[in-house]
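A short write-up of the structure that comes next.
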Amino acid sequence: MSPDHREIRENLGAWAMGHLSPEEREAVDRHIETCPECRAEADSLKQTGSLLELIDPALIGSLSEPLPNPSPDFDERVMAGLRDPEARKPRRSRRPWRIALPATGAIALVTVALVLLLGGGQGSREAGQEFTFAALPPGVSIDGSLEPRATGTGIEVNVNGMRPGTLCRVYVKTASDKLEPAGTFRYRYSAEEHESYPATLSTAWDLSEIHSLVIKAGDQTFRTDI
Amino acid sequence: MPGEQVREAYRAHSGELFGFACRSLGDRDRAEEAVQECFLKAWRARDKFDPEIGSERTWLYAILRNVIADMGRTDSRRPSGIPLDDSGDSLPSVEQPFERAMLAWQVEEALRRIGERHRQIVVETCLRGRPYAEVAAALGVPEGTIKSRVYYGLRAMRDAMEELGYES
Ligand SMILES: [Zn+2]
């Protein structure tokens, strides 16, 4: 590598960004005309430099700051869904699958709020608890289970018959009557498999503390007790 | 892909995917929803993953891309009350901005990866457009040093972009 070549090299970044003085730029231009190696490097750095235009100027100041983190129980919630699906199969096939509602907009475009009262007080709750909603619009079904975990409670919800894509927000209601968020899911339905997918969520509250389960999916309210 | 590999991929890439979802959706809750959906989809499709076609990371981004596009479609239709059906699945105008957003995210991620020293130089000279002499004075180094640092900073950027799966 000649000294000339080396000096040129270290100017290639500034050349690529158009930051050189006219004399310096000419020197680089002359060199890369005869040096394919530097030519390739210059072109490649120019392309890299042009990508910087994509950076939103408003973000420049925050590039050294850490990115936002998801909520503390997020990992647990996602990991819960990445389990052996065999464990969920029996429940999925327990009832015949209903076909999703036609696209009338009757259900999915409105918010759905579902309140499930879990027979407060009586009986033991050491084991998991199943629930089924009644009094739903035709074609819609919701059931699932609550499973005690080392910390809190796992919530599995099986929805059928809503419009695919409907956003459902799940809350638990405790003795304080306050709604505690337990996560969100979108109702998913596979047309190929004629199958809906269960949503797996969790809450930090113990099963014994949960009085009811609330699912909101818009501005319309469906309600059921068990 | 075995199930454990999906969980492993979650540990390795979920932070970055979440960051991208935040940038694209501008909302943490919705970003969580998107990443959760992405990994559920990945889980269900894990047997279809083919390392010959692309990396695990690229595969996950492709899934997330579709999830976010679907969320955009669903949400944009909601307020107007237009029913969701299969006939309106192609919204070509959405495609380009999305690709651009994804590339912008890769560039941002690359800038985060190159380390403070390189980043500082690239930010000050290339993004903020400060004169080399001014940056040199501020850092107490000769102007020529800034030039060579711009060179090494851009090289580091290029390497980081390659690591992130960018093909020029
Ligand atoms: Zn050369």
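As an exercise, find the ratio Rg/Rh for segment B:114-168 from alpha-carbon atoms, using the Kirkwood inverse-distance average for Rh.
Across segment B:114-168, the Cα-based Rg/Rh ratio is 1.03.
For the B and A pair, go ahead and give the buried accessible area with a 1.4 Å probe, both sides summed, in Å² to 100.
5200 Å²
Per residue of A:41-52, count partner chain C-beta atoms within 10 Å of its C-beta, then hand back the mean as an integer.
Numbers: counts 4, 0, 1, 4, 7, 1, 4, 16, 6, 0, 12, 9.
Per-residue shielding by partner chains comes out at 5.
Over segment A:12-74, what portion of Cα pair distances is larger than 19 Å, expressed as a whole percent?
The answer is 51 percent, as a whole percent.
If Lys and Arg each add +1 and Asp and Glu each add -1, what is the summed charge of the other residues whose beta carbon sits under 10 Å from the beta carbon of residue B:60? The partial results should precede the final answer.
Numbers: positive: B:41, B:57, B:65; negative: B:16, B:56.
Net local charge, residue B:60 excluded: +1.
Can you list the lysines whose alpha carbon is less than 23 Å from that of residue A:178, not counting same-chain residues fewer than 8 positions off?
Cα-Cα hits under 23 Å: A:216.
Over segment B:114-168, what percent of the accessible surface lies on carbon and sulfur atoms, probe 1.4 Å?
Roughly 44 percent, rounded to a whole number.
Put a dot 7 Å past each Cα toward the Cβ at residue B:159 and residue B:57; how far apart are the dots in nm?
1.4 nm
Give me the inter-chain shielding for B:34-45: mean count of other chain Cβ atoms within 10 Å, whole number please.
Mean partner-chain Cβ count within 10 Å for B:34-45: 4.
The values are calculated or read from the model by the stated rules, or taken from the named source; none is laboratory data. The model shown is predicted, which means the values in this text are computed figures rather than measured ones. We place every Cβ from the backbone using ideal geometry, glycine too, and count neighbours over all the protein chains shown. Accessible surface areas use protein heavy atoms only, side chains included; no ligands, DNA or RNA. Shrake-Rupley method; radii C 1.70, N 1.55, O 1.52, S 1.80 Å.
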